[in-house]
Amino acid sequence: MPWFVKIEEGKVDKSIFDQYIPAHKAYVQELIAQGHQAKSGYWARYGGGMLLFEAGSMEEAESIVANDPLVKNGCVNYKLYEWKIVVE
């Protein structure tokens, strides 16, 4: 399956953003359980983060991202990319 990367930056106050972190973590756990090998984290130096996951197509990846609680609740701006791995 292809890999996809959602690069995001926060667009709401941290107090609002933090309200949706538990739901985001639960969503990522659900993706892992479904076989998407998802990993999520944030940048150490400043706001924003990344979600890395496998999906069958760009359309499926777009659907996965659209259902992320951080996206659904307007907490982040993001860009979605298909990641072509050249060295493993």
- Net lengthening on full extension, residue 15/residue 67 (0.36 nm per residue, minus Cα-Cα): 16.6 nm
- Query: In the chain, what is the count of Lys pairs whose alpha carbons are under 18 Å apart, counting only pairs at least 8 residues apart or on separate chains?
  - Reply: 13
- Query: When the accessible area of the chain is split by element with a 1.4 Å probe, what percent falls to carbon and sulfur?
  - Reply: 53 percent
- Message: As a test question: what accessible area, to the nearest 10 Å², does residue 46 have when a 1.4 Å probe is rolled over all protein chains in place?
- Response: 150 Å²
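Between rounded, prolate and oblate, where does region 44-88 land on the alpha carbon gyration tensor, with a ≥ b ≥ c its root eigenvalues, rounded for a/c under 1.5, else prolate if a/b exceeds b/c?
Values: a/c = 2.83, a/b = 1.22, b/c = 2.32.
Oblate, because a/c is 1.5 or more while a/b does not exceed b/c.
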- Note on the structure: Which of 55, 33, 44 fluctuates most in a GNM of the chain (C-alpha springs under 10 Å)? That residue is 44
- Task: Please calculate the 1.4 Å probe accessible area of residue 15, with all protein chains present, and give it to the nearest 10 Å².
- Result: 80 Å²
- Note on the structure: In deg cm²/dmol, rounded to the nearest 500, the helical mean residue ellipticity at 222 nm of the chain, built from -39500 (n - 2.57) for every DSSP H run of length 4 or more, is -9500 deg cm²/dmol
- Task: Over all directions, average the projected area of the Cα convex hull of the chain and note it in nm².
- Result: 5.9 nm²
- Query: What number, in percent, do you get for the relative contact order of the chain if the mean sequence gap of Cα pairs under 8 Å and at least 6 apart is divided by its residue count?
  - Reply: 49 percent
- List the residues whose amide H sits under 5 Å from the amide H of residue 38, counting only those 5 or more places along or on another chain, with H placed 1.01 Å from N in the peptide plane. 32, 54
- In debye, nearest 20, what is the charge dipole magnitude of the chain about its Cα centre with +1 on Lys and Arg Cβ and -1 on Asp and Glu Cβ, if you could check? 300 debye
- So who's got an amide H within less than 5 Å of the one on residue 11, skipping anything under 5 residues away but keeping other chains? H placed 1.01 Å off N, in plane. 76, 77
- Once a ≥ b ≥ c are taken as the square roots of the eigenvalues of the Cα gyration tensor of region 1-40, is the result rounded (a/c under 1.5), prolate (a/b larger than b/c) or oblate (a/b not larger than b/c)? oblate
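The values are calculated or read from the model by the stated rules, or taken from the named source; none is laboratory data. Computed from a predicted structure; not experimentally measured. Glycine gets a Cβ as well: all are built from the backbone with ideal geometry, and neighbour counts include every protein chain shown. Areas reflect the complete protein model, heavy atoms only, side chains present, ligands, DNA and RNA absent. Shrake-Rupley method; radii C 1.70, N 1.55, O 1.52, S 1.80 Å.
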